[in-house]
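Right, one structure below, let's go through it.
The values are calculated or read from the model by the stated rules, or taken from the named source; none is laboratory data. No experiment lies behind these values; they were computed from the predicted model shown. No Cβ is skipped: glycine too gets one built from the backbone with ideal geometry, and neighbour counts run over all protein chains shown. Note: areas computed on protein heavy atoms with side chains; ligands, DNA, RNA excluded. Shrake-Rupley method; radii C 1.70, N 1.55, O 1.52, S 1.80 Å.
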Number of protein chains: 2
Amino acid sequence: MKPTVHDIASRAGVSLATVDRVLNRRPGVSARTREKVDQAVVELGFVRDVAAANLAKGRTYPLTFLIPSNDNSFMRGLRLALDEARDRAGVERVAIRLVDVPAFDGPALAEALRDAAAEQPAGIAFVAVDAPEVAAAAANVIAAGIPLVTLVSDLSGSQRDHYAGIDNAAAGRTAASLLGRFAGGRQGKVAVLAGSMLVRDHRERYEAFASVMASDFSHLQLMPVLEGRDDPDVVERLVSEIFAIRNNIVALYSLGAGNRGLIRALQRRPEDRRPVVVAHELTETTRAALRSGLIDAVLNQDAGHEVRSAIRVLKAKADGLPVVADQERIRIDIFLKDNLP
Amino acid sequence: MKPTVHDIASRAGVSLATVDRVLNRRPGVSARTREKVDQAVVELGFVRDVAAANLAKGRTYPLTFLIPSNDNSFMRGLRLALDEARDRAGVERVAIRLVDVPAFDGPALAEALRDAAAEQPAGIAFVAVDAPEVAAAAANVIAAGIPLVTLVSDLSGSQRDHYAGIDNAAAGRTAASLLGRFAGGRQGKVAVLAGSMLVRDHRERYEAFASVMASDFSHLQLMPVLEGRDDPDVVERLVSEIFAIRNNIVALYSLGAGNRGLIRALQRRPEDRRPVVVAHELTETTRAALRSGLIDAVLNQDAGHEVRSAIRVLKAKADGLPVVADQERIRIDIFLKDNLP
DNA sequence: CTGAAAGCGCTTACAG
DNA sequence: CTGAAAGCGCTTACAG
């Protein structure tokens, strides 16, 4: 049988309360008693039943998530993932509060962070805009002792406890390798479509992409970045314009959102002049485009994984427990038409 | 506050025992009482605290895993994942027993299944060999009411409750697309290296690979499969031989294990005559080969995910709970040198 | 068919 | 510095 606190207590000749104090490293126990208990723990190979402990503590974790009110498929997926997490919230004793914030808006995000912190939740997760006022607000959250995790897009500097998102530089490199190799020996130009160079994830993807392009595929020329603000209509216009003036675009990397607009522009392009395309996030739009061959590969981050990871990390931080970094690493999924789930 | 069984009891005007009977659909409750309780549950929005229930039940789940004693990196990874699962076993109330069985050996596996079932565990997981005697043994396990899950490689027919592994046909298709596109316009032959056509995962990968090759890349000719028994030395010999007699091998798909042998053979090949290579499973060997450019892509199944999924499913089946198929789908990871974790 | 009481493994006031 | 007792939300004999 697995040993319990009762076994430890009788083995060490102390009461349950004392065992509990030693187990949880609470003060007010003599060195001698502490030793006896520690020894019993080792001898019996005791491991705490976390579920029972949580039950007894009646502990809950009110967590606040700040999500951009941007209406694209990815953010909708993120909200869905949060809803699902909320469903399991009972079991895990977390209570999730979702707060909408305007997209790409540093000052608004900073204010939302301050408001969230004022309610003293057990932890806060937010999609960062990489701006000084946000960094300042984040620093205050940390200073107030509230665990803070960035989600999807990170904040420069160290003003957060953890980042729950993909390695965006790796994503950019992967996109470059796929596009470069898929393009075969063809010569020509490479178009890049981003949401905004103000968010760090887009900037990181771009820089890594450009670097691999320059080093491994120097026969292809990178064009200036188009910023589509993750808005399908803006994206459609930008891509159509560039298609109109350039006939030798052999590859296109869409590193942000708004791919509905991209697809429309691609569809109007004669088939033999369509570029090889890599885009981000598996949505209904990109899935259909993969199937039909308009897009060649999709790099995806699993919003569900990110949300669950953020929750696990915030709980761990709230409890002062260590985080297993390896386990919390968010993978970049690569989808071709052949391995669609 | 979240409602508890106490709230239900007082609302319905019955005792805790009766609430419990209704909640768990146990017999011996009058229709009238049942209704009162059900109504209270709905009105208060009660959801059961599973952790507390498990604590009270003192329920544990003794699970048996049958793993081939094959000494390759993937199986070692699987064992590691099982060890980790064992570490968390306390919290999840599962007790994992690991049984070694000879690799690629139907009769031995069938016997091991019978032996495992005789001990009446809460569930059994095994890496299937797709043979009639195994199917028969599996059918007996199911008939005995013991939940049964195949791991990594599946069993034909329906003699199991669930399969915790990747879609091997999708893996084969993906490999074909990557190799075909990475090969660019080059003409030549494609070599395929398998462990054994007796295991279903290898067969499925091969068939799907061949099918996409034929339809999308008909300018490349598929050579007969080499069976390396997942053994590095056999693999090295086979690949070296084929390299010696063929100079126009432009692509190679290694769909089984034993890649250390493949790497050795590739290293001896002059650089300008090395094929494009896709292999399975991210190990130290394949990781290094990706880095150095000897391998172009690695398709990976996460042994940790598979083990955790198998455990979740077996527990759910043991409790008669439904399985969320979507959540238990095992992804095919694609790694290039650019997105190595 | 129904209920009172004890217990799962841990924690928490409270008293000393 | 230490311990006895009650309680977290649920389940389980046992008695009626």
Select from region A:270-326 the residues that are over 26 Å from A:ALA176 (Cβ atoms) and among the β-branched types (Val, Ile, Thr) and list them in ascending order. A:VAL307, A:ILE311, A:VAL313, A:VAL323, A:VAL324
Check on A:VAL192, open to solvent by less than 60 Å² (accessible area, probe 1.4 Å), part of a strand (DSSP E or B) and away from every other protein chain (no Cβ under 13 Å): yes
Can you name the condition, by its number, that A:GLN267 falls short on among (1) under 24 Å from the mean Cα position of the chain (by Cα); (2) closer than 23 Å to A:ASN72 by Cα? (1)
Kindly establish whether B:LEU178 is touching a His at 6+ places or on another chain (Cβ under 9 Å), under 30 Å from A:VAL277 (Cα atoms) and buried (at least 24 other Cβ atoms within 10 Å of the Cβ). no
Return the pairs, sorted by first residue and then second, in which the second residue is at pLDDT below 90 and near DNA strand D (Cβ under 7 Å from one of its atoms), the first residue lies in region B:2-29 and is hydrophobic (A, V, I, L, M, F, W, C), the beta carbons are less than 7 Å apart, and the residues are 6+ apart or on different chains. B:LEU23/B:ARG48
State the number of residues belonging to region B:204-236 that are open to solvent by less than 50 Å² (accessible area, probe 1.4 Å) and assigned to a loop (DSSP other than H, G, I, E, B). 5
Within region A:42-51, restricting attention to residues that are within 14 Å of chain B (Cβ to nearest Cβ) and of a type in the set (A, V, I, L, M, F, W, C), which residue is nearest to B:ARG59 (Cα to Cα)? A:ALA51
Within 16 Å of DNA strand D (Cβ to nearest atom) and at pLDDT below 90, is that true of A:GLY28? yes
List pairs: first in region B:115-133 and over 19 Å from B:PHE104 (Cβ atoms), second among the small types (Gly, Ala, Ser), Cβ under 7 Å, 6+ apart or cross-chain? B:ALA117/B:ALA144; B:ALA122/B:ALA318; B:GLY123/B:ALA318; B:ILE124/B:ALA116; B:ILE124/B:ALA117
Strands (runs of 3 or more DSSP E) fully within region B:274-341 counting 1 or more residues that are away from every other protein chain (no Cβ under 14 Å): B:276-280
Identify, by number, the condition in (1) at pLDDT 90 or above; (2) open to solvent by 20 Å² or more (accessible area, probe 1.4 Å); (3) part of a helix (DSSP H, G or I); (4) away from chain B (no Cβ under 14 Å) that A:ALA257 doesn't meet. (3)
Filter pass, B:ARG21 being within 14 Å of chain A (Cβ to nearest Cβ), of a type in the set (Lys, Arg), within 13 Å of DNA strand C (Cβ to nearest atom) and more than 30 Å from B:GLY228 (Cβ to Cβ): no
Given the criteria aliphatic (A, V, I, L, M) and within 26 Å of B:ARG186 (Cα to Cα), does B:VAL278 qualify? yes
Within region A:27-74, can you find the residues that are more than 13 Å from DNA strand C (Cβ to nearest atom) and farther than 30 Å from A:ALA257 by Cα? A:ALA31, A:ARG32, A:ARG34, A:GLU35, A:LYS36, A:ASP38, A:GLN39, A:VAL42, A:GLU43, A:TYR61, A:PRO62
B:ILE166 vs (1) closer than 30 Å to B:ALA143 by Cβ; (2) free of Cβ contacts under 8 Å to residues at least 60 places away in the same chain; (3) within 14 Å of chain A (Cβ to nearest Cβ): all pass except (2)
I need a count of the residues in region B:4-56 that are hydroxyl-bearing (Ser, Thr, Tyr) and within 42 Å of the chain's Cα centre (by Cα). 2
The one condition in (1) open to solvent by 10 Å² or more (accessible area, probe 1.4 Å); (2) of a type in the set (D, E, K, R); (3) within 14 Å of chain A (Cβ to nearest Cβ) that B:ASP201 fails to fulfil: (3)
Can you find a residue that is away from DNA strand D (no atom under 15 Å from the Cβ), without any contact (Cβ under 8 Å) to a residue 24 or more places away in the chain and of a type in the set (Gly, Ala, Ser) anywhere in region B:42-63? no
Lone unmet requirement of (1) surrounded by fewer than 18 Cβ atoms within 10 Å (Cβ to Cβ); (2) within 12 Å of DNA strand D (Cβ to nearest atom); (3) charged (D, E, K, R) for B:ARG21: (1)
Hey, does region B:312-331 have a residue that's at pLDDT 95 or above, among the polar types (S, T, N, Q) and open to solvent by 30 Å² or more (accessible area, probe 1.4 Å)? no
Take the residues in region B:1-18 that are surrounded by fewer than 17 Cβ atoms within 10 Å (Cβ to Cβ) and more than 9 Å from DNA strand D (Cβ to nearest atom); name whichever of them is farthest from the other protein chains (Cβ to nearest Cβ). B:GLY13
Within region B:30-40, track down each residue that is in contact (Cβ under 8 Å) with a residue 24 or more places away in the chain and either open to solvent by 80 Å² or more (accessible area, probe 1.4 Å) or within 14 Å of chain A (Cβ to nearest Cβ) (or both). B:GLN39
